[in-house]
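Novice: Handing you this structure, nothing more for now.
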């Protein structure tokens, strides 16, 4: 029994006959079939504007006569300077399912438009888009044929969804931007340190093994509502995060990172102050992170081990009851003099577990409830509130008075000592900032030092001398309901003996 030019998948042949599939594709899980080796054709688009399945637009030579066959999954297709595109005729319309091996757009004087509103584009090899062209495709599939593939975008975004099904590897040769979801259901997807932008990453579907290798890539999850997630909660997913940074930047919804036990991520940031971000996992073990920043409300579900966790003011953070959030290097959990930070358990009356191993021990401007702390002792200052059912956390008596970030620093008698940094360093620690906070140091009434002299968390005064220093701390510029800026000055004076009588007490100048 012979078949010709077919796709075969999940078909078992039996009996006394010989089953051959000529010029056909073994799509997997077939038994009893013979697929004779076949060499694909090289096809060129000609004649400008047209439909994919119109043979008049396919030639066996570049710029040649049309009328050749419509491409199949073994055939390489080219769109080039001889394709006949003009400003008024540059659209290739995929009016039926399209199949090809490699697809290459390159060299056309007029940048073309590949358009598919309802039909999938099935790529069994690699792809390259031409700079300046447009690609609008409801679905682009990189189908499996057990051969490594590459994707070269040349700055062209894909308006649609992309599916990676190749069971060996797909490598990105440059930045990739996809307006909808990237679905990764098999094989290795290697970003090779390039930037990747998509509405949603779906890596938790299907039963085949897959590996995501991110290198040093910046990955942007841009989706709104329930589409702006990074989904990797699968035992079939192996994550090699490298030093990557996953940014959640959607403007609406509740973005989630859905992880699986034992996965190691690098940097994660939920970047929209108005949205609630979630570290989510149904796993029994821990998920590991280098740095996690929440700029909006946040939830920490499952067990997580985080090197540095940044929680920002005016927000509410909910820790899953009974699960451990382990912070190995540093926790930032301060509000500001404008707004309080809130940290609570997901179940009122049932404690969430917080284990801080190192870093800061003093915090302020926070309301804490139902938190069982372990590790180093945590203390919240006089602008914080113990809302009850907390363990191993101390609180100063609440003080409703005016706040001063320089309180406790006495610079009225100052002598710089190069061997002692504390003698010449102004610190902003009393303002309880975090890595998202901005600082502006200026010196008042000093014509030699005008404007902003530093934007660091601290200031080395040796280059600027004694005088009056002013610090502007910008906690947030998210909007009128959240913006917060605090400004304060401090006088740094000198100590010298009286020149009239050296025995008199030291005076300030």
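All of the numbers you see were taken from the coordinates with simple rules; none came from a lab. Quantities reported herein were computed from a predicted structural model and do not represent experimental measurements. All Cβ positions, even for glycine, are placed from backbone atoms using ideal geometry, and neighbour counts span all protein chains on display.
Novice: With a point put 7 Å past each Cα toward its Cβ, work out how far residue 416 is from residue 491 in nm, to one decimal.
Specialist: 2.1
Novice: Please arrange 449, 245 by counting, for each residue, the other beta carbons lying within 10 Å of its beta carbon, fewest first. Could you put the intermediate results ahead of the total?
Specialist: Numbers: 449 15, 245 20.
Ordered by Cβ neighbours within 10 Å, fewest first: 449, 245.
Novice: Compute the label zone of residue 42 within region 91-125: residues whose backbone N is under 13 Å from the point 7 Å along Cα-to-Cβ.
Specialist: Of the residues in region 91-125, 102, 104 have backbone N under 13 Å from the label point off residue 42.
Novice: Give me the extension gain from residue 154 to residue 138: residue separation times 0.36 nm, minus the current Cα-Cα distance, reported in nm with one decimal.
Specialist: 3.8 nm
Novice: Shifting gears a bit: What spacing in nm lies between the two simple spin-label points modelled at residue 404 and residue 3, each 7 Å away from Cα in the Cβ direction?
Specialist: Result: 8.5 nm between the two label points.
Novice: Say R0 is 35 Å: what FRET efficiency, to the nearest 0.05, do residue 338 and residue 193 get from their beta-carbon distance?
Specialist: Here the calculated transfer efficiency is 0.35.
Novice: Run the paramagnetic zone check for residue 376: 7 angstrom along Cα to Cβ, then residues of region 429-460 with backbone nitrogen under 17 Å.
Specialist: 429-435
Novice: Let me ask you something else. Among 1, 237, 357, rank each residue by its count of other Cβ atoms within 10 Å, from fewest to most, as a rough exposure measure.
Specialist: Working: 1 10, 237 19, 357 15.
Going from least to most buried by this count: 1, 357, 237.
Novice: For 474, 38, what's the fewest-to-most ordering of other Cβ within 10 Å of each Cβ?
Specialist: Sorted ascending by nearby Cβ count, the order is 38, 474.
Novice: Take the alpha-carbon centre of region 48-84, take the same for region 186-259, and report the distance between them in whole Å.
Specialist: 36
Novice: What full-extension length gain, to one decimal in nm, is calculated for residue 251 and residue 448 as 0.36 nm per residue of separation minus the Cα-Cα distance? Show your work: numbers first, answer last.
Specialist: On the way: separation 197, 0.36 × 197 = 70.92 nm, distance 4.46 nm.
Contour length minus Cα-Cα distance gives 66.5 nm.
Novice: How much length, in nm to one decimal, is gained on full extension between residue 347 and residue 177, taken as 0.36 nm per residue of separation minus their Cα-Cα distance?
Specialist: That pair, residue 347 and residue 177, stretches by 57.2 nm at full extension.
Novice: Given the chain, what percent of its DSSP beta bridges are antiparallel, to the nearest 5?
Specialist: 15
Novice: What spacing in nm lies between the two simple spin-label points modelled at residue 22 and residue 131, each 7 Å away from Cα in the Cβ direction?
Specialist: 4.6
Novice: Now for a separate question. Would you mind pulling out the separation of the Cα centroids of region 451-472 and region 274-298, in Å?
Specialist: Using only Cα atoms, the two centres lie 36 Å from each other.
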